[in-house]
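Engineer: Quick one: the structure is below, questions incoming.
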Amino acid sequence: MGVAGPFPDRSAGVPVMDRDEADRALARLGAEHEAIETSLLALQDHAGRRLLEGADLTGVTKERWAAADRAITLLWGYFDAYTGALAQARSVRSRRRYPNREDLVALTELLRGQGVTVAHAAAGPDPSAAGPARLSERFTLEELVARMNELYAGSLDVVVASDAVWSALPARIDLLAAELHRTRSLAHSVGVRPGEHPAGDDLEAITHELTALRAQVVSDPLAFWRPGPGSSAPGGGRPDTERYDRAARALEEVRREIEAVLAVRQDAEQRLVQLRDVLSRADRTLAEARAARGEVLAKIAASEVPAVSGPPTVLQERLVAASEYRRRAQWHRLSPLLETLEREAEEELLRARESLTAVTAPLAVRAELRGRLDAYRAKVARHGLAEDPLLIERYDAARRMLWSAPCDLRVAGQAVLRYQEAAAELLSPRPEPEDRR
């Protein structure tokens, strides 16, 4: 409580106020008194303050709330002193309509001098004071208002920040925990469990993280508060949701993986049939390549023919394992195996086709040479040169080489080229004989 003592004439140090100045100062201080009272009552009834009073706090929140709680108690002590000093000033002013010199001196001391004494024995020690505690403090009314504003801002910052974190994070954590529960039930239905599948281990880790996160948010909300840069207003900042966001992203990844496993359960048989078809086509292509290689070795001489590998037995064994997983409804094991098998089966089919192309390349070269030889023969026949002895000789030589086995592609190619050159020479226009007249 504020204790106002006798007010000696100190007008020598402070100019004595006149009646109008005193009335204006009383009106301003009265308005400030109402505003302070309203703010203190709002702080007293703030939901965040009630939660802080009833919570089992830890960490930084416990320390800051202990200081803020002492500050709030001190605030009420200051406010009582302010109320008492203002009431005494109003009492002095109400003595006369036109105050005399003694009244004005008293009003000047009350309104401008250090006439307010606050006893700390009642209010408790000032949490911001440094050094040994003092039994009392003396203030002017303006100094007292500034001191109350400072304590109020610090206390309100603790209350508002804690309330903002409690309003934002626990509800979001509970919603994410509910989504986690649904995802875990879905995972169990497809065989995704801890110790048996990585997604099951991830779900277990997310569960532990959300449980620990919620407990820490409830007991130490200020540990999850990030003040706004350059903001000095109480409650300026935002809740820190980094750990929550990380858990949400991890759960989303697991949920997508579970959905992939569910998709496997729905179309596993169709995918297995398609896999068997792809591997069967690869086997047939390799068989065709092996047969073609034998034909090439018999019909083409002096040509490098690559070897053809056998069918991939490892893929067949893994396909059998995939069918077994499907029979046992082990969808979490079947999902990654199917994805790998589909990719490797397509690669195997492509390899088989490339092998067939490489093996049959000499036959393709022979066919191209045959087609070129016949095309040039038809061309010279159209020009009436088919019976030319040189062309007949070179055509027969090239044809014997291309239609004999084994065929030497290099020699046959040179024979076709000689026939082409002879035909081109005969087909080229000749200069007319010179007129000697």
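The values are calculated or read from the model by the stated rules, or taken from the named source; none is laboratory data. Keep in mind that what you see is a predicted model, and the values were worked out from it rather than measured. Every residue, glycine as well, gets a Cβ built from its backbone with ideal geometry; the counts of neighbours run over all protein chains shown. We work out accessible area using only protein heavy atoms, side chains counted, and drop any ligands, DNA or RNA first. Shrake-Rupley method; radii C 1.70, N 1.55, O 1.52, S 1.80 Å.
Engineer: Go through (1) within 23 Å of residue 347 (Cα to Cα); (2) of a type outside the set (A, V, I, L, M, F, W, C); (3) not in a helix (DSSP H, G or I) and name the single condition residue 304 misses.
Structural biologist: Among (1) within 23 Å of residue 347 (Cα to Cα); (2) of a type outside the set (A, V, I, L, M, F, W, C); (3) not in a helix (DSSP H, G or I), residue 304 violates only (1).
Engineer: Give me the pairs: first residue in region 85-106 and under 12 Å from residue 22 (Cβ atoms), second residue crowded, with 21+ Cβ neighbours inside 10 Å and modelled with pLDDT of 70 or more, beta-carbon distance under 6 Å, and six or more apart or on different chains, which are they?
Structural biologist: Every condition considered, the pairs that remain are 103/92; 106/92.
Engineer: Suppose the filter is more than 30 Å from residue 363 (Cα to Cα), modelled with pLDDT under 85, in a helix (DSSP H, G or I) and open to solvent by 70 Å² or more (accessible area, probe 1.4 Å); does residue 253 pass it?
Structural biologist: Numbers: more than 30 Å from residue 363 (Cα to Cα): yes; modelled with pLDDT under 85: no; in a helix (DSSP H, G or I): yes; open to solvent by 70 Å² or more (accessible area, probe 1.4 Å): yes.
No: the conditions fail for residue 253.
Engineer: Looking for something of a type in the set (Ser, Thr, Tyr) and at pLDDT below 85 - is there at least one such residue anywhere in region 275-298? Explain how you work it out, then say what you get.
Structural biologist: Initially, region 275-298 is screened for residues of a type in the set (Ser, Thr, Tyr), giving 280, 285.
Restricting the remaining residues to those that are at pLDDT below 85 gives none.
No, region 275-298 contains no residue that is of a type in the set (Ser, Thr, Tyr) and at pLDDT below 85.
Engineer: May I pose another question? Please tell me if residue 373 is assigned to a helix (DSSP H, G or I), over 34 Å from the mean Cα position of the chain (by Cα) and buried (at least 20 other Cβ atoms within 10 Å of the Cβ).
Structural biologist: Details: assigned to a helix (DSSP H, G or I): yes; over 34 Å from the mean Cα position of the chain (by Cα): yes; buried (at least 20 other Cβ atoms within 10 Å of the Cβ): yes.
Taking the combined requirement at face value, the residue satisfies it.
Engineer: Moving on to the next point. Can you find a residue in region 271-283 that is in contact with a helix residue (DSSP H, G or I) (Cβ under 6 Å, 6 or more places away or on another chain), assigned to a helix (DSSP H, G or I) and free of Cβ contacts under 8 Å to residues at least 60 places away in the same chain?
Structural biologist: Scanning region 271-283, I find no residue that is in contact with a helix residue (DSSP H, G or I) (Cβ under 6 Å, 6 or more places away or on another chain), assigned to a helix (DSSP H, G or I) and free of Cβ contacts under 8 Å to residues at least 60 places away in the same chain, so the answer is no.
Engineer: Which one of 175, 180, 210, 186 is in contact (Cβ under 8 Å) with a residue 40 or more places away in the chain, closer than 30 Å to residue 60 by Cα and either part of a helix (DSSP H, G or I) or in contact with a Ser or Thr (Cβ under 6 Å, 6 or more places away or on another chain) (or both)?
Structural biologist: Numbers: 175 fails: in contact (Cβ under 8 Å) with a residue 40 or more places away in the chain; 210 fails: in contact (Cβ under 8 Å) with a residue 40 or more places away in the chain; 186 fails: closer than 30 Å to residue 60 by Cα.
So the residue among 175, 180, 210, 186 that is in contact (Cβ under 8 Å) with a residue 40 or more places away in the chain, closer than 30 Å to residue 60 by Cα and either part of a helix (DSSP H, G or I) or in contact with a Ser or Thr (Cβ under 6 Å, 6 or more places away or on another chain) (or both) is 180.
Engineer: Filter region 256-292 down to the residues that are closer than 22 Å to residue 185 by Cβ and in contact with a Lys or Arg (Cβ under 8 Å, 6 or more places away or on another chain), then identify the one that is surrounded by the most Cβ atoms within 10 Å (Cβ to Cβ).
Structural biologist: 264
Engineer: Moving on to the next point. Within the group 416, 380, 365, which residue is of a type in the set (Val, Ile, Thr) and closer than 30 Å to residue 281 by Cβ?
Structural biologist: Numbers: 416 fails: closer than 30 Å to residue 281 by Cβ; 380 fails: closer than 30 Å to residue 281 by Cβ.
That would be 365, the only listed residue that is of a type in the set (Val, Ile, Thr) and closer than 30 Å to residue 281 by Cβ.
Engineer: Could you identify the single residue in 356, 350, 385 that is in a helix (DSSP H, G or I) and surrounded by 14 or more Cβ atoms within 10 Å (Cβ to Cβ)? Before you say what the answer is, go through the steps one by one.
Structural biologist: Values: 350 fails: surrounded by 14 or more Cβ atoms within 10 Å (Cβ to Cβ); 385 fails: in a helix (DSSP H, G or I).
On inspection, the qualifying residue turns out to be 356.
Engineer: Identify all residues within region 191-223 that are open to solvent by 70 Å² or more (accessible area, probe 1.4 Å) and either touching a Phe, Trp or Tyr at 6+ places or on another chain (Cβ under 8 Å) or among the β-branched types (Val, Ile, Thr) (or both); write none if there are none.
Structural biologist: Selection gives 211, 216.
Engineer: Here is a follow-up. Scanning for something closer than 30 Å to residue 178 by Cβ and open to solvent by 30 Å² or more (accessible area, probe 1.4 Å), does region 309-329 turn up at least one residue? Steps first, please.
Structural biologist: So in region 309-329, the residues closer than 30 Å to residue 178 by Cβ come out as 329.
Subset that is open to solvent by 30 Å² or more (accessible area, probe 1.4 Å): 329.
Within region 309-329 (the criterion being closer than 30 Å to residue 178 by Cβ and open to solvent by 30 Å² or more (accessible area, probe 1.4 Å)), the answer is yes, since at least one residue qualifies.
Engineer: Among the residues of region 363-375, is there at least one that is more than 12 Å from residue 315 (Cβ to Cβ), touching a Cys at 6+ places or on another chain (Cβ under 8 Å) and either in contact (Cβ under 8 Å) with a residue 12 or more places away in the chain or of a type outside the set (S, T, N, Q) (or both)?
Structural biologist: Looking only at region 363-375, we keep the residues that are more than 12 Å from residue 315 (Cβ to Cβ), and these are 363-375.
Going one step further and asking which of them are touching a Cys at 6+ places or on another chain (Cβ under 8 Å), we end up with 366.
Filter once more, so that each one left must be either in contact (Cβ under 8 Å) with a residue 12 or more places away in the chain or of a type outside the set (S, T, N, Q) (or both): 366.
Looking through region 363-375, at least one residue is more than 12 Å from residue 315 (Cβ to Cβ), touching a Cys at 6+ places or on another chain (Cβ under 8 Å) and either in contact (Cβ under 8 Å) with a residue 12 or more places away in the chain or of a type outside the set (S, T, N, Q) (or both).
Engineer: Looking only at region 75-92, count how many residues are open to solvent by less than 40 Å² (accessible area, probe 1.4 Å) and over 55 Å from the mean Cα position of the chain (by Cα). Outline the logic, then answer.
Structural biologist: Step one: filter region 75-92 for residues open to solvent by less than 40 Å² (accessible area, probe 1.4 Å), giving 75, 77-79, 81-82, 84-86, 89, 92.
Then drop every residue that is not over 55 Å from the mean Cα position of the chain (by Cα), which leaves 84-86, 89, 92.
Residues in region 75-92 being open to solvent by less than 40 Å² (accessible area, probe 1.4 Å) and over 55 Å from the mean Cα position of the chain (by Cα): 5 in total.
Engineer: Could you please give the count of residues in region 171-190 that are of a type outside the set (Val, Ile, Thr) and open to solvent by less than 10 Å² (accessible area, probe 1.4 Å)? Spell out the reasoning first.
Structural biologist: Of region 171-190, the ones of a type outside the set (Val, Ile, Thr) are 171-172, 174-182, 184-189.
Then drop every residue that is not open to solvent by less than 10 Å² (accessible area, probe 1.4 Å), which leaves 180, 187.
Going through region 171-190 one residue at a time, the tally reaches 2.
Engineer: Now for a different question. Residues of region 335-367 being within 34 Å of the chain's Cα centre (by Cα) and either among the basic types (Lys, Arg) or at pLDDT below 80 (or both), which ones?
Structural biologist: 335, 343
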